[in-house]
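Readers should treat all values here as calculations from the given coordinates under stated rules, not as data from a laboratory. Note that the structure is a prediction, hence the values are computed from the model and not measured. Virtual Cβ from ideal backbone geometry, glycine too; neighbours counted across all protein chains shown.
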Amino acid sequence: MKLPRNVYKPLAIGAPEPYRELPVRLERMIHFVPPHLEKVRAKVPELARSVDIVLGNLEDAIPLDAKEAARAGFIAMVRETDFGTTGVWTRVNALNSPWILDDLTQIVAEVGNKLDVIMLPKVEGAWDIHYLDQLLAQLEARHRVAKPILIHAILETAEGVKNVEEIAAASPRMHGMSLGPADLAASRAMKTTRVGGGHPEYKVVADAGGEGPRAAYQQDLWHYTLAKMVDACAANGLKPFYGPFGDFSDPLACETQFRNAFLMGCAGAWTLHPSQIDIAKRVFSPDPDEVAFAARILAAMPDGSGAVMIDGKMQDDATWKQAKVLVDLARIVAA
Ligand code: GLV
Ligand code: MG
């Protein structure tokens, strides 16, 4: 059974009609910061003006002996910063870790009213979301948190991929999902040490000895999972995101990975390095020429029905809806 959606939930682009009137947030990049580092925290007020979401990371990449400092640093950072309309998120530790209970109880108690979304790693099934949902409900009631804190799941285990549809439908608190290619690669025993992106050895099978147009080209390692996740999110009114791209020395490959995700329906991606912020901004904002063409489709079919030709291309009710996705997104970017 589907639960009624949370009215505070940010609107997924292209979500079903009932949610169209709800507030929409631009979420092109989820920018990760390690909150135990004081010099990083000092830059957060300025950072908050240039990204759509600031996420205080408490999980992987935070050393074990800095877990408490990262949590305390995140609380201090949220208290001291005026984030304006920028989203305030945290990635807590996994549900089977020794830190998660303190992460949740302390953060909701201290800054629950400023926190938009909790990113939950290593989600394996709906039961993980149900647990967090109940715990958040109890903590919100105890600390008089005015608006529900949303949940964003990382899809990064084979078990999670198997259960992706149930996870997406698990709670009205669900905001969206991110693909976590590093943990997922390990979970599947994939033979790579990369964090996201392609792999030169993963190729489209070509004719033997093929050259030129018959040469073997690299395939997208993540296509299957991303497509599965996008469908699960779209069917439940959630936002899908591509996760991390770890090779900071290869901005072109990062942009290619982000662009594939954008075309597939993702709202944004993670940015782990400041150099990736502009890439995400560029990729996840629609191309002005595409928007201009989409606007012509909307203008040519004011009631969204029928069929017209524009520049030799057939347009109908379905392309009107496609055009609306682009024009709506362009409006949010311009706002
Ligand atoms: C992200 O957490 C990943 O594992 O890729
Ligand atoms: Mg991970």
- Query: Can you flag which of K122/K162; K228/K281; K162/K228 are past 18 Å Cα-Cα?
  - Reply: K228/K281
- Task: Using R₀ = 51 Å, calculate the FRET efficiency as 1/(1 + (r/R₀)^6) where r is the Cβ-Cβ separation of D65 and I332; round to 0.05.
- Result: 0.80
- What 222 nm value per residue comes from the helices of the chain, counting each DSSP H run with n ≥ 4 as -39,500 (n - 2.57) and dividing by all residues, nearest 500 deg cm²/dmol? -12000 deg cm²/dmol
- Note on the structure: The FRET efficiency for D303 and L101, from their Cβ-Cβ distance with R0 = 51 Å and rounded to 0.05, is 0.40
- Task: For the range 210-266, run through the chymotrypsin sites (Phe, Trp or Tyr not before Pro) and keep only the ones in DSSP coil with at most 14 other Cβ atoms within 10 Å of their Cβ.
- Result: Y217, F248
- Task: Compare A170, A232, A61 in a GNM of the chain, Cα atoms joined below 10 Å, and give the one with the largest fluctuation.
- Result: A61
- Filtered trypsin sites (Lys or Arg not before Pro), the range 103-197: DSSP coil and at most 15 other beta carbons within 10 Å: R144, R188, K191
- Message: To test your reading of the geometry: what angle, between 0 and 90 degrees and rounded to tens, separates the Cα axis of helix 67-80 from the longest principal axis of the chain?
- Response: 80
- For I53, list long-range residues whose amide hydrogen, built 1.01 Å from N in the peptide plane, is under 5 Å from its own amide hydrogen. M29, H31, G87
- Message: Where in the chain is the longest stretch that carries no GluC sites (Glu not before Pro) classed as loop by DSSP and with at most 12 other Cβ atoms within 10 Å?
- Response: 22-200
- So E166 and W127, fully extended at 0.36 nm per residue minus their Cα-Cα distance, gain in nm 13.1 nm
- Note on the structure: Spelling it out for M174: with amide H atoms placed in the peptide plane at 1.01 Å from N, the residues 5 or more places away or on another chain with amide H under 5 Å from its amide H are I151
- Evaluate E = 1/(1 + (r/R0)^6) for I310 and L252, where r is the Cβ-Cβ distance and R0 equals 35 Å; express this FRET efficiency to the nearest 0.05. 0.60
- Residue-ordered couplings for the range 239-253, obtained by feeding phi - 60° into the Karplus form 6.51 cos²θ - 1.76 cosθ + 1.60 and rounding to whole Hz (Gly and Pro as x), are 9, x, 9, 7, x, x, 10, x, 8, 5, 7, 10, x, 5, 5
- So how many Å³ per residue does the convex hull of the Cα atoms of the chain work out to? 162
- Item | Dipole magnitude (debye, nearest 20) for the chain, charges at Cβ of Lys, Arg, Asp, Glu | 500
- Item | the range 310-322 - phi-based ³J(HN,Hα) in whole Hz, Karplus 6.51/-1.76/1.60, Gly and Pro as x | 10, 6, x, 10, 6, 10, 8, 4, 6, 5, 4, 5, 4
- Coordinate range along principal axes, alpha carbons of the range 59-192, Å, largest first: 43, 33, 29
- Query: Given H placed 1.01 Å from N in the peptide plane, which residues other than close sequence neighbours of G268 have an amide H under 5 Å from its amide H?
  - Reply: Y242
- Task: With everything on Cα atoms, drop me the angle between helix 223-235 and the longest principal axis of the chain, reported from 0 to 90° to the nearest 10.
- Result: 80
- Message: Through the Karplus equation 6.51 cos²θ - 1.76 cosθ + 1.60, θ set to phi - 60°, convert the phi angles of the range 262-274 into ³J(HN,Hα) values in whole Hz; use x for Gly and Pro.
- Response: 4, 5, 6, x, 6, 7, x, 8, 7, 10, 9, 9, x
